[in-house]
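Colleague: One structure is given below, represented as structure tokens, and several questions about it will come after.
The values are calculated or read from the model by the stated rules, or taken from the named source; none is laboratory data. Computed from a prediction, not measured in an experiment: that's the story for all the values here. Please note: Cβ atoms are built from the backbone with ideal geometry, for glycine as well, and neighbour counts cover all protein chains shown. SASA here: full protein model, heavy atoms, side chains in, ligands and nucleic acids out. Shrake-Rupley method; radii C 1.70, N 1.55, O 1.52, S 1.80 Å.
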Amino acid sequence: RFHWLDFLDSRHIDLIRQLSRLRISNHISLANFPPAEVKRVMDSLVLSKKKNKDKGSRVASTTVKSVTVQYSLLDTRAGGKMTAYCLKHGLTIQAYGCLAGGLLSDHFLHRDKPGSTRTDPDAVSLGKYHEVIEQWGTWELFQELLSTLRMIGNKHRVRISM
């Protein structure tokens with residue numbers, strides 16, 4: 001998994017090319033890259049392979065085979081351009097946060113909004129996903145979603161998180 005924080009700093013493209021040439025791994029997953037940046041990296045790797053092949057140099061064997069992105073019922077950003085690009089270019093999507101740190105579960109159905117999780121080191125990820133809920137809607141709307149998921153789960157005899 002390859003993560004980069006500042007896409008204005010384009011050194012990540014050179015690093016990915018170097019990893020490719022070193023053959024340390026045969027699979028790179030770009031973590032939290034926006035769709036335009038995934039395209040930029042992929043285009044760069046294709047160009048690099050073509051140049052190396054034309055020069056008779058070793059052709060890089062490592063390829064970007066997947067992207068790792070947050071994806072859930074609450075955060076579907078990866079469902080648009082990212083999914084379209086990945087389908088077109090044969091990349092897989094490795095999703096994380098699918099259950100919003102456990103918030104998308106029976107455990108939080110009919111519960112009051114949790115208090116501050118920022119000060120509890122065991123609940124830091126809950127704080128992150130609580131922010132996702134706040135961007136998505138209100139806690140009350142989230143409870144409606146959980147209730148709907150519970151009804152669907154009842155029909156299929158499974159928990160919300162299944």
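Colleague: Does Thr92 satisfy the condition of being open to solvent by 20 Å² or more (accessible area, probe 1.4 Å) and either farther than 30 Å from Leu19 by Cβ or modelled with pLDDT of 90 or more (or both)?
Modeller: yes
Colleague: Only residues that are open to solvent by less than 60 Å² (accessible area, probe 1.4 Å) and either farther than 21 Å from Cys86 by Cα or free of Cβ contacts under 8 Å to residues at least 60 places away in the same chain (or both): list them for the stretch 27-36, please.
Modeller: Ile28, Leu30, Ala31, Phe33, Pro34, Pro35
Colleague: Restricting to the stretch 60-112, name every residue that is touching a strand residue (DSSP E or B) at 6+ places or on another chain (Cβ under 8 Å) and among the hydrophobic types (A, V, I, L, M, F, W, C).
Modeller: Scanning the stretch 60-112 gives Val64, Val67, Val69, Ala78, Met82, Cys86, Leu91, Ile93, Ala95.
Colleague: For the stretch 38-52, check the following and say yes or no: at least one residue is modelled with pLDDT of 90 or more, basic (Lys, Arg), touching a helix residue (DSSP H, G or I) at 6+ places or on another chain (Cβ under 9 Å) and surrounded by fewer than 17 Cβ atoms within 10 Å (Cβ to Cβ).
Modeller: Yes.
Colleague: Let me ask something else. Of all residues being exposed (fewer than 11 other Cβ atoms within 10 Å of the Cβ) and free of Cβ contacts under 8 Å to residues at least 24 places away in the same chain in the stretch 2-26, which is nearest to the chain's Cα centre (by Cα)? Just the residue, please.
Modeller: Within the stretch 2-26, the match that is nearest to the chain's Cα centre (by Cα) is Leu5.
Colleague: Being without any contact (Cβ under 8 Å) to a residue 12 or more places away in the chain and open to solvent by less than 70 Å² (accessible area, probe 1.4 Å) narrows it down to one of Thr138, Thr83, so name that one.
Modeller: When all the criteria are applied, what remains is Thr83.
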